[in-house]
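Structure first, then comments.
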Amino acid sequence: MDNQTMYRALGIGREVYEFSRPVLDSLSERFLAIDEIAEFNQLKVLKAMQDAGVAEAHLMGTNGYGYSDIGRDALERTYAGIFGTEDALVRSQIICGTHALALSLQANLRPGDEILSPVGKPYDTLEEVIGIRKSRGSLSEFGISYREVPLNPDGSFRYEEIRSAIHERTRLAEIQRSKGYSSRESLSPEKIGELIRFLKSVKPDLLCLVDNCYGEFVCREEPSEYGADMLVGSLIKNPGGGLAPVGGYIAGTKDCIENCAVRLSAPGLGKEVGPSLGLNRAFFQGIFLAPSITASAEKAAIFAASLYERLGFSCHPRAESRRNDIIQAIRLGSPEAVLAFCQGIQAASPVDSFVTPEPWEMPGYDAPVIMAAGAFIQGSSIELSADAPMKEPYHVYFQGGLTWPHAKFGIILSVQKLWEKGLVKL
């Protein structure tokens, strides 16, 4: 059996398969550049692990209080080395990216402080954390205020408006690297660095927090190398390498990380407690594999954009654009097309391929959301997945793929589903 025969066995018709081939052939040089960045980042991770003195004993775990967990401590030294920061907090007790961000904000803000978002509206789940949408336990309930400055239509920063928005109570700037559920471009580490330099020129003691979700290892540098005080992300996205079953990280200055550790555990306990519960091996192996797996996800995003642009759909970023994260937004324009796309991704999954995804009221979102992900880890968006809020303009957000061949198949199958329903013409 050849490859095309296997594709047919998995539901891909000849017409769709032939349509995808020239698109794929055009991407060889782009993929070579991605592999070069992955190689650089692989060596960076390797050096950080060696500098941290990772040993077989560090792969074990602790329980109870987690006192003297040498593996956990070596893992945090590794993350600090990778991101070039003074310290890091990497814990299974941090449930997800939203939890890591909430923890960072709660730990480093006090009543009377104000948060500034100089890049517009934050990701949906942060609205309730901040109190933009009323929610029990939000920062606004503790007297912490918020203001935002939108980006210009071309994605540039509104520097004078940002300057005017900063005052004596402005304590922290929250900078979201990825676009989230918006159509703006995701931000490069260099562009984030440009913004940080400006912010600190206006108020030198302003803390700059970067939501780094979906961006790790896409570029050679990270925002922490451009002056970010805190870099925050989830282990079931890029840095977990598909192996971490839970967890989040915060990398940054020693003072900020100590504040986060105290907020996660309790005053007087800080980083000294928190058992790794046998997860150190998965965390270490996941971060070791992360550069290669991120490269697979980035190739998938570019292939998806190239294929869907050829079908006439608008994509953000465009296929030829520089990538700053692994998310690919595709404007499908109708609920029927969104459903068909997500059904194709689900049907391509190794787990629950027989399930039909449907929209539902997810916690933290203001509209029903459809999610397709037959993943080994629930909610793992470094694995092949797609999600979309079921509202205008009906963008679907595609990301992940632990291996490039699997991601490639999933994208082609999504086109197959749309074609079968008469929603696209080849």
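Observations
- Relative contact order of region 245-375, taken over Cα pairs closer than 8 Å and 6 or more residues apart, is 12 percent.
- Within region 378-426, the percentage of alpha carbon pairs spaced more than 11 angstrom apart rounds to 71%.
- For the chain, the fraction of alpha-carbon pairs in successive 10 Å shells from zero, as %: 5, 22, 31, 26, 13, 3, 0
- On full extension, the segment bounded by Ser183 and Glu168 gains 2.2 nm, given 0.36 nm per residue less the C-alpha separation.
- Compared with the direct C-alpha span, the chain from Leu277 to Phe40 gains 82.2 nm at full extension, assuming 0.36 nm per residue.
- Centroid-to-centroid separation of region 349-387 and region 55-119 [C-alpha atoms, Å]: 26
- A simple spin-label model places pseudo-atoms 7 Å from Cα toward Cβ; at Arg136 and Glu336 they are separated by 4.2 nm.
- Rounded percent of accessible protein surface that carbon and sulfur make up, the chain, 1.4 Å probe: 53
- Helix 28-51 axis, angle to the chain major axis (alpha carbon atoms, nearest 10°): 30
- Part-to-part distance (alpha-carbon centres) for region 323-343 and region 239-291, which is given in Å: 32
- Comparing Gly247, Gly270, Gly84 in a Gaussian network model of the chain, where Cα atoms under 10 Å apart are tied by springs, the biggest mean-square fluctuation is seen for Gly270.
- Inter-label distance, nm, simple model (7 Å from Cα along the C-beta direction), Ala266/Asn3: 5.7
- Greater than 22 Å apart at Cα, pairs in Lys237/Lys408; Lys179/Lys299; Lys121/Lys391; Lys134/Lys271; Lys121/Lys417: Lys134/Lys271; Lys121/Lys417
- More than 14 angstrom apart: percent of Cα pairs within region 234-276: 56
- Once exposed loop chymotrypsin sites (Phe, Trp or Tyr not before Pro) are cut out (DSSP; at most 14 other Cβ, 10 Å), longest piece of the chain: 68-353
- Between 0 and 90°, nearest 10: helix 280-310 axis offset from the chain longest Cα axis: 50
- The residues of region 252-300 expose, per residue, 39 Å² of accessible area to a 1.4 Å probe.
- Springs join every pair of Cα atoms under 10 Å in this Gaussian network model of the chain, and among His395, His167, His58 the largest mean-square fluctuation is at His167.
- Remark: spin-label model distance Arg158-Met390 equals 3.4 nm, labels positioned 7 Å along the Cα→Cβ axis.
The values are calculated or read from the model by the stated rules, or taken from the named source; none is laboratory data. Just so it is clear, the model here is predicted, and its values are computed rather than measured. Using ideal geometry, Cβ is built from the backbone for each residue, glycine included, and neighbour counts are taken over all protein chains shown. Note: accessible area is taken over every heavy atom of the protein model, side chains too, but ligands, DNA and RNA are not part of it. Shrake-Rupley method; radii C 1.70, N 1.55, O 1.52, S 1.80 Å.
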